[in-house]
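Q: Here it is, the structure in full.
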Amino acid sequence: DSQPRVFSAMQPTADSLHLGNYLGALRQWVALQEDYDAIYAVVDLHALTVAPDPEALRRRSRITAAQYLAAGVDPERSMLFLQSHVPEHAELAWVLGCLTGFGEASRMTQFKDKSAKQGAEGTTVGLFTYPVLMAADILLYDAQLVPVGEDQRQHLELSRNLAQRLNSRFGDIVTVPEPYIVKDTAKIQDLAEPTAKMSKSGNPSGLIELMDTDKVIAKRIKSAVTDAETEIRYDRENKPGVSNLLAIHSAISGTSIAELEAEFSDKMYGHLKVAVAEVVLDAVAPIRERVTDLMAHPGELDEILAEGARRARVIAGETLARVYDAVGL
Ligand code: ADP
Ligand code: NA
């Protein structure tokens with residue numbers, strides 16, 4: 001395949017992805033399949049850092065993969081697999097860990113934030129070395145482009161540094177990845193607290209989950225926090241709630257923000273919410289139905305994941321052999 005390679009992944013840490021994951025990541029992945037040789041993983045080893053219940057982890061790994069497929073990731077064109085099915089991820093992570101400075105890893109702001117909340121005894125070494133495993137995920141496939149949110153920028157920078165370090169110490173053996181940062185309008189805010197980003201760890205009433213019922217989704221949009229004015233105008237600073245609704249509509253319908261502002265210029269917030277609920281349900285309901293169908297045929301889903309892992313291991317195995325050879329293993 002002569003197309004440039006893209007790698008991206010999500011952790012299986014919830015029973016449903018949310019609208020932010022879909023518009024900010026998954027939908028972009030689907031589009032990238034056209035012009036890139038795409039590799040998409042469910043990074044279940046990363047999810048161990050939050051000490052999940054084993055049954056929940058198993059279920060979430062599969063339902064996350066099912067959501068990738070339902071949203072349009074095509075296993076014929078792209079590779080789709082569970083990280084733990086490709087042991088080279090953990091193996092390369094060890095080598096990279098031996099090239100990472102303790103101080104360098106200690107500067108990762110996400111680790112600092114999370115470990116500060118959990119305290120030294122509640123913080124695992126796995127959480128500390130998480131960005132090193134992420135570097136292994138990316139470098140194993142010689143990915144040129146990595147779609148990441150703003151919060152992963154520092155981790156991607158570490159991946160780049162480790163790739164450059166490997167290359168300068170041992171010869172040209174891996175590709176140095178570039179970040180692919182998604183457009184601002186693909187950033188979805190919490191419906192109940194529109195100054196914060198929509199997140200699985202946020203307030204449930206601010207969340208739209210792909211696996212929610214139509215009724216729950218419609219209700220959450222109807223209750224979305226707006227402001228005391230009446231004007232429908234895109235202004236993230238002063239009108240975060242209304243702007244978020246416009247951004248959601250625009251991201252799904254493809255109608256520009258300016259056109260939406262014109263269309264709703266003499267309408268009320270209630271009208272906008274009804275229109276947003278309509279486009280969201282049109283986008284989400286078919287995905288939810290396909291996920292339900294995939295989960296009802298676990299054998300087929302497992303087969304797709306096994307085949308994805310088999311193909312991924314061909315590439316990962318070659319990279320690991322190159323690295324092992326270079327470092328003297
Ligand atoms: P969460 O914040 O819910 O824990 P993750 O950090 O697991 O989500 O993110 C998974 C992917 O979804 C990442 O690519 C991230 O950039 C994207 N993403 C997460 N939340 C949003 C959001 N509110 N808007 C746009 N993209 C998002
Ligand atoms: Na492709």
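Q: Looking only at residues that are assigned to a helix (DSSP H, G or I), within 16 Å of ligand 1 (Cβ to nearest atom) and in contact (Cβ under 8 Å) with a residue 12 or more places away in the chain in segment 73-131, which one is farthest from VAL323 (Cα to Cα)?
A: LYS114
Q: Within segment 196-214, track down each residue that is within 12 Å of ligand 1 (Cβ to nearest atom), more than 15 Å from the chain's Cα centre (by Cα) and either closer than 14 Å to ALA277 by Cα or at pLDDT 95 or above (or both).
A: ALA196, GLY206, LEU207, ILE208
Q: Which one of the conditions (1) in contact with a Leu (Cβ under 9 Å, 6 or more places away or on another chain); (2) exposed (fewer than 15 other Cβ atoms within 10 Å of the Cβ) does THR226 fail to meet, given that it meets all the rest?
A: Only one criterion in (1) in contact with a Leu (Cβ under 9 Å, 6 or more places away or on another chain); (2) exposed (fewer than 15 other Cβ atoms within 10 Å of the Cβ) is unmet by THR226, namely (2).
Q: Now for a separate question. Please work out which one of (1) more than 14 Å from the chain's Cα centre (by Cα); (2) of a type in the set (Ser, Thr, Tyr); (3) within 16 Å of ligand 2 (Cβ to nearest atom); (4) closer than 17 Å to GLU307 by Cα is the condition SER84 fails and give its number.
A: Going through (1) more than 14 Å from the chain's Cα centre (by Cα); (2) of a type in the set (Ser, Thr, Tyr); (3) within 16 Å of ligand 2 (Cβ to nearest atom); (4) closer than 17 Å to GLU307 by Cα one by one, SER84 breaks only (3).
Q: Quick check on my filter: what residues within segment 65-81 are farther than 19 Å from ASP282 by Cα and within 15 Å of ligand 2 (Cβ to nearest atom)?
A: ASP74, PRO75, GLU76, ARG77, SER78, MET79, LEU80
Q: OK, next. May I ask you to verify whether PRO4 is touching a residue at least 12 places away in the same chain (Cβ under 8 Å) and away from ligand 1 (no atom under 12 Å from the Cβ)?
A: In short, yes.
Q: Can you tell me how many residues within segment 163-218 are surrounded by 15 or more Cβ atoms within 10 Å (Cβ to Cβ), out of contact with any helix residue (DSSP H, G or I) (no Cβ under 7 Å at 6 or more places or on another chain), of a type in the set (D, E, K, R) and closer than 19 Å to ILE252 by Cβ?
A: Counting residues in segment 163-218 that are surrounded by 15 or more Cβ atoms within 10 Å (Cβ to Cβ), out of contact with any helix residue (DSSP H, G or I) (no Cβ under 7 Å at 6 or more places or on another chain), of a type in the set (D, E, K, R) and closer than 19 Å to ILE252 by Cβ gives 2.
Q: Mind listing just one residue for me: the one in segment 1-48 that is hydroxyl-bearing (Ser, Thr, Tyr) and within 16 Å of ligand 2 (Cβ to nearest atom) and, of those, farthest from LEU82 (Cα to Cα)?
A: SER2
Q: Among the residues of segment 132-160, what is the count of those that are within 16 Å of ligand 1 (Cβ to nearest atom) and either in contact (Cβ under 8 Å) with a residue 24 or more places away in the chain or within 22 Å of GLN189 (Cβ to Cβ) (or both)?
A: 17
Q: Right, SER2: surrounded by fewer than 20 Cβ atoms within 10 Å (Cβ to Cβ) and outside any helix (DSSP H, G or I) or not?
A: The answer is yes for SER2.
Q: Then there's this: Which one of these is surrounded by 20 or more Cβ atoms within 10 Å (Cβ to Cβ) and either of a type outside the set (S, T, N, Q) or on the phi < 0 side of the Ramachandran plot (or both): LEU140, LEU145?
A: LEU140
Q: Another one. Which helices (runs of 4 or more DSSP H) sit wholly inside segment 215-298 and have at least 3 residues that are at pLDDT 95 or above and among the small types (Gly, Ala, Ser)?
A: 240-253, 269-296
Q: Considering segment 29-42 alone, what residues qualify as being in contact with a helix residue (DSSP H, G or I) (Cβ under 7 Å, 6 or more places away or on another chain) and surrounded by fewer than 23 Cβ atoms within 10 Å (Cβ to Cβ)?
A: VAL30, the sole residue that qualifies.
Q: Kindly list, by first and then second residue, each pair from a residue in segment 50-61 that is over 22 Å from SER115 (Cβ atoms) and touching a residue at least 40 places away in the same chain (Cβ under 8 Å) to a residue that is of a type in the set (A, V, I, L, M) and assigned to a helix (DSSP H, G or I), limited to pairs with Cβ atoms under 8 Å and residues at least 6 apart or on different chains.
A: Every condition considered, the pairs that remain are ARG60/ALA47; SER61/ALA47.
Q: Can you confirm whether VAL291 is within 18 Å of ASP212 (Cα to Cα), touching a residue at least 40 places away in the same chain (Cβ under 8 Å) and either surrounded by 14 or more Cβ atoms within 10 Å (Cβ to Cβ) or touching a Phe, Trp or Tyr at 6+ places or on another chain (Cβ under 7 Å) (or both)?
A: Yes, satisfied.
Q: Next question, about the same structure. Here's a check for you: in segment 7-59, which residue that is within 12 Å of ligand 1 (Cβ to nearest atom) and assigned to a loop (DSSP other than H, G, I, E, B) is nearest to LEU140 (Cα to Cα)?
A: VAL43
Q: Specify which of the listed residues (ILE208, ILE221, ILE181, ILE217) is among the aliphatic types (A, V, I, L, M), under 23 Å from LEU26 (Cβ atoms) and in contact with a His (Cβ under 8 Å, 6 or more places away or on another chain).
A: ILE208
The values are calculated or read from the model by the stated rules, or taken from the named source; none is laboratory data. These numbers were taken from a predicted model, which means no experiment stands behind them. Neighbour counts are summed over all protein chains in view; Cβ atoms, including those assigned to glycine, are modelled from backbone coordinates with ideal geometry.
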